[in-house]
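Participant: Below you will find the structure I want to go over with you.
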Amino acid sequence: MPTTVSMTVNGKKVSGSVEPRTLLVQFIRETLGLTGTHVGCDTSQCGTCVVHVDGKSVKSCTMLAVQAEGSDVLTIEGLAKDGKLHPMQEAFREHHGLQCGFCTPGMVMSAVDLVKNNKNPSEHEIRDWLEGNLCRCTGYHNIVKAIAAGAKAMA
Amino acid sequence: MYSFDYQKAGSVADAAKAATGEAKLVAGGMTLIPTLKLRLAQPSKLVDLGGIRDLVGIKAEGGGVTIGAMTTHAAVAKSADVKKAIPALAVLAEGIGDPAVRNRGTIGGSVANNDPAADYPAACVALGATIVTSKRKIAADDFFKGLFETALEAGEVITAVSFPAPEKANYQKFRNPASRYALVGVFVAKTKGGVRVAVTGAGEGGVFRKKSFEAALSKSFDAGALDAVKVDAKGLNSDIHASADYRAHLIKVMAKRAVQAAR
């Protein structure tokens with residue numbers, strides 16, 4: 001049975017009609033039209049769907065939209081401010097932290113959460129944190145470099 | 001996913017009342033939602049525990065810790081109380097899944113699900129934890145009943161897990177290189193009542209105690225004490241990831257590492 005769900009996404013109050021089985025990522029992409037959040041594996045492994053819910057990184061393909069009722073959600077579209085890229089996005093561009101770009105939204109959202117928890121992460125800590133974000137192009141090297149630089153820029 | 005009804009429980013009593021028949025409780029949903037997506041389960045209704053504040057939090061009590069059922073793995077990993085009382089438990093929590101999964105997955109959900117390769121069941125059994133529910137208190141030894149089976153009855157909700165502090169403990173996990181679940185995980189705890197060793201990932205019936213290791217380590221808490229103890233491959237899992245013999249070998253290797261690292 002359809003139900004109405006309301007939450008704050010990227011600072012704006014939104015609501016929409018969903019089924020209980022509607023995933024948060026479906027609500028974000030299909031109802032709100034915010035297609036920056038991707039669906040890669042659909043089995044909670046690849047991390048392209050990572051968004052922040054109440055300030056914590058989560059896999060939006062493994063959460064129901066109804067579970068996010070009343071939450072504060074941040075997606076990749078909410079990072080840039082006044083036409084200026086977030087320092088982490090800028091670092092990914094600067095350090096060529098992507099090739100095809102499919103995993104990038106999840107990588108960036110995970111990276112921003114990492115820096116919230118750990119202001120100056122070591123290379124090892126960055127690689128460890130990326131356990132749940134898969135990239136099939138770059139071999140992670142430039143992603144790790146980008147995150148280290150992004151962390152410095154966010155300080 | 002098949003369709004289902006959804007109810008956000010306002011209290012444990014609410015949840016217990018609603019969780020009857022084909023309804024299912026959802027905690028963090030890190031196992032249940034993927035299971036639903038694969039259409040491996042078809043509950044009539046999901047009863048969400050996510051809104052019950054009383055179930056979240058960690059209390060230091062009598063030297064040990066009591067962890068609310070809806071406390072996330074990330075919160076356990078970070079908790080100063082857990083790190084102080086049972087550092088091995090904080091390390092175990094930090095090793096579950098990945099950061100985003102740890103931000104949603106809960107101890108109550110993990111314990112209730114009793115995945116044969118999950119980490120928490122090994123900690124509960126080795127530390128002699130008590131599973132506190134809406135109805136009673138259940139010793140970990142009596143709680144885990146087999147693959148995905150527990151002593152929980154219909155309408156019974158886990159509210160907390162209480163861990164007494166050991167003298168020393170450690171958990172060593174040999175991760176499946178793809179899924180990162182425990183191919184074999186061994187939790188060793190030196191407690192006032194003796195040494196307890198619990199093995200996850202390896203047994204056909206889920207978590208089990210390794211009594212022969214406990215006897216040897218109770219005499220001498222030293223990795224060398226396990227050299228002469230044989231591990232039988234009977235009753236161990238054999239699959240594409242590892243044979244029963246390989247798992248038997250790993251049980252001893254992981255146990256010895258855990259003894260060496262115990263603090």
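Participant: If I go through segment B:118-132 residue by residue, how many of them are surrounded by fewer than 24 Cβ atoms within 10 Å (Cβ to Cβ) and either touching a Gly at 6+ places or on another chain (Cβ under 8 Å) or at pLDDT below 95 (or both)?
Facilitator: The total comes to 1.
Participant: Name the single residue that is nearest to the other protein chains (Cβ to nearest Cβ) among those in segment B:1-29 being open to solvent by less than 50 Å² (accessible area, probe 1.4 Å) and modelled with pLDDT under 95.
Facilitator: B:1
Participant: Still on this structure: Among B:165, B:198, B:233, which is the only one that is aliphatic (A, V, I, L, M), in contact (Cβ under 8 Å) with a residue 60 or more places away in the chain and either in a loop (DSSP other than H, G, I, E, B) or assigned by TED's automatic domain parsing to the domain that holds residue B:71 (or both)?
Facilitator: So the residue among B:165, B:198, B:233 that is aliphatic (A, V, I, L, M), in contact (Cβ under 8 Å) with a residue 60 or more places away in the chain and either in a loop (DSSP other than H, G, I, E, B) or assigned by TED's automatic domain parsing to the domain that holds residue B:71 (or both) is B:165.
Participant: Considering segment A:24-37 alone, what residues qualify as being under 16 Å from residue B:33 (Cα atoms) and either surrounded by fewer than 23 Cβ atoms within 10 Å (Cβ to Cβ) or among the charged types (D, E, K, R) (or both)?
Facilitator: Scanning segment A:24-37 gives a single hit, A:26.
Participant: A follow-up question, please. Run down A:139, A:97, A:132 and say which single residue is without any contact (Cβ under 8 Å) to a residue 12 or more places away in the chain, outside the structural domain of residue A:25 (by TED's automatic domain parsing) and either among the small types (Gly, Ala, Ser) or open to solvent by 10 Å² or more (accessible area, probe 1.4 Å) (or both).
Facilitator: Just one listed residue meets the conditions, A:139.
Participant: Going by the structure shown, is residue B:147 open to solvent by 10 Å² or more (accessible area, probe 1.4 Å), without any contact (Cβ under 8 Å) to a residue 60 or more places away in the chain, closer than 15 Å to residue B:25 by Cα and not basic (Lys, Arg)?
Facilitator: no
Participant: Sort through B:36, B:92, B:32, B:46 and tell me the only one that's buried (at least 19 other Cβ atoms within 10 Å of the Cβ), hydrophobic (A, V, I, L, M, F, W, C), out of contact with any Leu (no Cβ under 6 Å at 6 or more places or on another chain) and more than 14 Å from every other protein chain (Cβ to nearest Cβ).
Facilitator: Step by step, each of B:36, B:92, B:32, B:46 is checked, and only B:92 is buried (at least 19 other Cβ atoms within 10 Å of the Cβ), hydrophobic (A, V, I, L, M, F, W, C), out of contact with any Leu (no Cβ under 6 Å at 6 or more places or on another chain) and more than 14 Å from every other protein chain (Cβ to nearest Cβ).
Participant: Follow-up. What residue, of A:83, A:40, A:78, is among the small types (Gly, Ala, Ser) and surrounded by fewer than 16 Cβ atoms within 10 Å (Cβ to Cβ)?
Facilitator: A:83
Participant: Which of the residues that make up segment B:220-234 are open to solvent by less than 40 Å² (accessible area, probe 1.4 Å) and either in contact with a strand residue (DSSP E or B) (Cβ under 8 Å, 6 or more places away or on another chain) or more than 24 Å from residue B:180 (Cβ to Cβ) (or both)?
Facilitator: B:223, B:224, B:225, B:226, B:229
Participant: Continuing with the same structure: Residue under question is residue B:183, and the condition is that it be modelled with pLDDT of 95 or more, outside the structural domain of residue B:87 (by TED's automatic domain parsing) and assigned to a strand (DSSP E or B); does it hold?
Facilitator: Yes: the conditions hold for residue B:183.
Participant: Give the residue, chosen from B:249, B:241, that is open to solvent by 40 Å² or more (accessible area, probe 1.4 Å), touching a Ser or Thr at 6+ places or on another chain (Cβ under 9 Å), of a type outside the set (Lys, Arg) and under 20 Å from residue B:175 (Cβ atoms).
Facilitator: None of the other options fit; the residue is B:241.
Participant: Out of all the residues in segment A:100-131, which are facing chain B (nearest Cβ under 10 Å) and either modelled with pLDDT under 95 or more than 14 Å from the chain's Cα centre (by Cα) (or both)?
Facilitator: Correct list: A:117, A:128, A:131.
Participant: Same structure, new question: Within segment A:54-67, is there a residue that is within 14 Å of chain B (Cβ to nearest Cβ), polar (S, T, N, Q) and not in a helix (DSSP H, G or I)?
Facilitator: Yes, segment A:54-67 contains at least one residue that is within 14 Å of chain B (Cβ to nearest Cβ), polar (S, T, N, Q) and not in a helix (DSSP H, G or I).
Participant: How about segment A:1-50: which of its residues are farther than 26 Å from residue A:80 by Cα and either modelled with pLDDT of 95 or more or outside any loop (DSSP other than H, G, I, E, B) (or both)?
Facilitator: Correct list: A:3, A:4, A:17, A:18, A:19, A:20, A:21, A:22.
Participant: Still on this structure: What is the number of the single condition among (1) surrounded by fewer than 24 Cβ atoms within 10 Å (Cβ to Cβ); (2) farther than 24 Å from residue A:58 by Cβ that residue B:140 does not meet?
Facilitator: With (1) surrounded by fewer than 24 Cβ atoms within 10 Å (Cβ to Cβ); (2) farther than 24 Å from residue A:58 by Cβ applied to residue B:140, the lone miss is (1).
Participant: May I ask you to verify whether residue B:66 is in contact with a strand residue (DSSP E or B) (Cβ under 8 Å, 6 or more places away or on another chain), surrounded by 24 or more Cβ atoms within 10 Å (Cβ to Cβ) and of a type in the set (S, T, N, Q)?
Facilitator: no
The values are calculated or read from the model by the stated rules, or taken from the named source; none is laboratory data. Owing to the predicted nature of the structure, the values given are computational and were not obtained by experimental measurement. Note: ideal-geometry Cβ built from the backbone for every residue, glycine included; neighbour counts use all protein chains shown. For the accessible areas, the whole protein counts, side chains as well, though only heavy atoms, and no ligand, DNA or RNA atoms are used. Shrake-Rupley method; radii C 1.70, N 1.55, O 1.52, S 1.80 Å.
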